[in-house]
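Single-structure report; data block below.
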Amino acid sequence: MAIHIAYCGLNCGGCPAFHAALRLTEAERQVVAEKWNVDFGGSHTVADIDCVGCTHEGRHAPYCESGCEIRKCAVGRAVTTCAECAAYGCESLAGFLAVVPDARANLEARRPA
Ligand code: SF4
Ligand code: SF4
């Protein structure tokens, strides 16, 4: 599995949308779109299931492009990930990391010494 750490610490390499247009058939991307509609709501289509990863410029899946407050904040602060942010541990990030221990571990490993 590719490793591409998002601003929040998630590994985009574990996301079905990560470079999906290169990896999956349209039918496989359709299955993901339907699952996301059930799991997260919205009306994802095949075209939505393709993303270059959170910290790269280019196409992103809809939530990560415009819904994620952590990503918006990190882009605005021009940090590499939240681990490098002077406000690391802010309320939004802490609430997320409390329920996603893998993301916490990924960010802790990137904290400056
Ligand atoms: S940024 Fe893209 S690859 Fe990363 S979790 Fe979000 S949708 Fe998936
Ligand atoms: S303020 Fe919080 S959410 Fe924003 S970049 Fe810093 S740690 Fe991440």
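Values for this structure:
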read-out: Per residue solvent-accessible surface (Å²) - the chain, probe of 1.4 Å; value: 60
read-out: Accessible-area ranking of 50, 39, 102, largest first, probe 1.4 Å; value: 102, 39, 50
read-out: Restricting the stretch 33-111 to GluC sites (Glu not before Pro) in coil, as DSSP defines it, with at most 10 other Cβ within 10 Å; value: 57
read-out: Cut-off of 10 Å, at most 16 other beta carbons, DSSP loop: longest stretch of the chain lacking such trypsin sites (Lys or Arg not before Pro); value: 1-58
read-out: Carbon + sulfur, % of accessible area of the chain - ligands and nucleic acids excluded, 1.4 Å; value: 58
read-out: With Cα atoms, 0 to 90° folded angle of helix 26-40 axis to the chain main axis; value: 60
read-out: Per-residue HN-Hα couplings for the stretch 52-65 [Karplus 6.51, -1.76, 1.60; θ = phi - 60°; Hz; x = Gly/Pro]; value: 7, x, 3, 9, 9, 7, x, 6, 10, 5, x, 5, 6, 5
read-out: Principal axis box of the stretch 12-108, alpha-carbon based, largest edge first, Å; value: 43, 25, 21
read-out: Peptides ranked, highest mean first, by Cβ atoms within 10 Å: ranges 40-47, 5-12; value: 5-12, 40-47
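The values are calculated or read from the model by the stated rules, or taken from the named source; none is laboratory data. Just so we're clear, the structure is a prediction, and the values are computed from it rather than from any experiment. Cβ: placed from backbone, ideal geometry, glycine included. Neighbour counts: every protein chain shown. These area figures cover heavy atoms from the full protein model, side chains too; ligands, DNA and RNA do not enter into them. Shrake-Rupley method; radii C 1.70, N 1.55, O 1.52, S 1.80 Å.
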